[in-house]
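Inspection log for the structure reproduced underneath, given as C-alpha cells.
The values are calculated or read from the model by the stated rules, or taken from the named source; none is laboratory data. These figures come from a predicted structure and were not determined experimentally. Methodologically, a virtual Cβ is constructed for each residue, glycine included, from the backbone with ideal geometry; neighbour enumeration extends over all protein chains shown. Note: accessible area is taken over every heavy atom of the protein model, side chains too, but ligands, DNA and RNA are not part of it. Shrake-Rupley method; radii C 1.70, N 1.55, O 1.52, S 1.80 Å.
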Amino acid sequence: MKTFLRIIIVAVMVAVGIRLIEQIERGGFSQSKEDPIKVAMAELQKRDPLTHAVLSDHPQEVEPILQEALKTKDMKTMQKKVADLYLEYGPPVHRRASDETTLALYVPMLNLIDALAKHAPSSCKDLLTGFVKVDILSDPAVAAAYKTYSSAYIEIYSSGKQRVETGTLLNDDLFYQILFVELDFSEEDMEKLADLQSISNADACNLGARLYDYKLIPAAHRAAYLRRIMFVQ
C-alpha cells in the first residue's frame with residue numbers, strides 16, 4: 001500500500017522542474033544576456049505555473065540549486081533537489097486549503113486525464129508517476145486541460161497560504177474503505193498501480209480516472225479523500 005501512496009504523492013508534482021531541465025540541456029541560456037535564473041523561472045511560470053507558485057515563494061533556496069545545475073550540468077541532482085523542495089513546502093500548504101477550493105480540483109483533474117486518454121494515452125502513466133513530458137502540451141486539448149488544472153491547483157495553494165489549520169484528513173480505515181468499497185479498487189488494481197509499465201496505456205488512464213471519481217465518494221469525505229491521496233507524504 002505504501003507504494004501506491006508514493007505514486008499518488010509524486011503525481012502531484014506534474015513533472016517538477018522538467019521545463020528547467022530541458023531548457024538547460026538544450027543550452028537555451030548559453031547565448032542569453034539575461035539572468036539565466038530569472039529566465040528559467042519565467043519559463044517555469046509559463047510552462048508549469050503550479051510548480052512555479054510554490055518555488056517562487058522560496059527563492060533563497062531555489063536559486064542556489066539552479067546555479068549549481070548551471071555549473072555542473074547535473075540535471076538528476078537538480079531535479080531531485082527541486083522535487084524535495086516542492087514536497088517540503090507544497091503539500092503542507094495544500095492541506096490547509098478550504099474544502100471548497102480543494103473540491104474544485106476534481107473536475108479539472110478528470111478532464112486532464114480524459115484529454116490524455118484521448119490525445120496522449122501513454123502520458124497517463126507519466127501523470128501517475130510524475131514525469132509528464134513537455135511535448136504533450138503541444139496538443140491543444142491537452143494544453144487547455146492542463147491550464148485549467150493548473151489554475152485550480154494554484155487556487156488550492158493560495159487558499160492554503162491564507163489558512164493556519166490543516167483541513168480534515170481521512171484516517172486509514174476510512175480511506176481504505178472508500179478506496180476498496182466506494183471506488184471498488186481490488187488488490188489487482190493496486191498491483192497495477194505499483195507496476196504501471198506492465199499494463200496498457202488504456203488501463204493506466206482508466207485507473208487514474210477511477211481514483212478521482214468523486215461522485216462515488218460520500219460528499220462529506222470528498223475533500224478529505226483528495227487531501228489524503230494528493231497531499232499526504
Which condition number in (1) open to solvent by 40 Å² or more (accessible area, probe 1.4 Å); (2) modelled with pLDDT under 65; (3) among the polar types (S, T, N, Q) is the one that Q60 fails? (2)
I'd like to check something: does the range 125-138 contain any residue that is over 25 Å from K80 (Cβ atoms) and of a type outside the set (A, V, I, L, M, F, W, C)? yes
List the helices (runs of 4 or more DSSP H) inside the range 73-167, counting only whole elements, that have at least 2 residues being touching a Lys or Arg at 6+ places or on another chain (Cβ under 7 Å) and in contact (Cβ under 8 Å) with a residue 60 or more places away in the chain. 99-103
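Listed here are the residues, each with its yes/no results for (1) over 19 Å from R210 (Cβ atoms); (2) open to solvent by 40 Å² or more (accessible area, probe 1.4 Å); (3) among the acidic types (D, E); (4) in contact with a helix residue (DSSP H, G or I) (Cβ under 6 Å, 6 or more places away or on another chain).
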| site | (1), (2), (3), (4) |
| --- | --- |
| P121 | no, yes, no, yes |
| P140 | yes, yes, no, no |
| A152 | yes, no, no, yes |
| R163 | yes, yes, no, no |
| L170 | no, no, no, yes |
Of all residues in the range 65-91, which are under 25 Å from S158 (Cα atoms) and open to solvent by 40 Å² or more (accessible area, probe 1.4 Å)? Q79, K80, K81, D84, E88, Y89
Do we find a residue being at pLDDT below 85, open to solvent by 40 Å² or more (accessible area, probe 1.4 Å), in a helix (DSSP H, G or I) and more than 26 Å from K161 (Cα to Cα) anywhere in the range 44-57? no
Total residues in the range 176-199, condition surrounded by 10 or more Cβ atoms within 10 Å (Cβ to Cβ) and part of a helix (DSSP H, G or I): 14
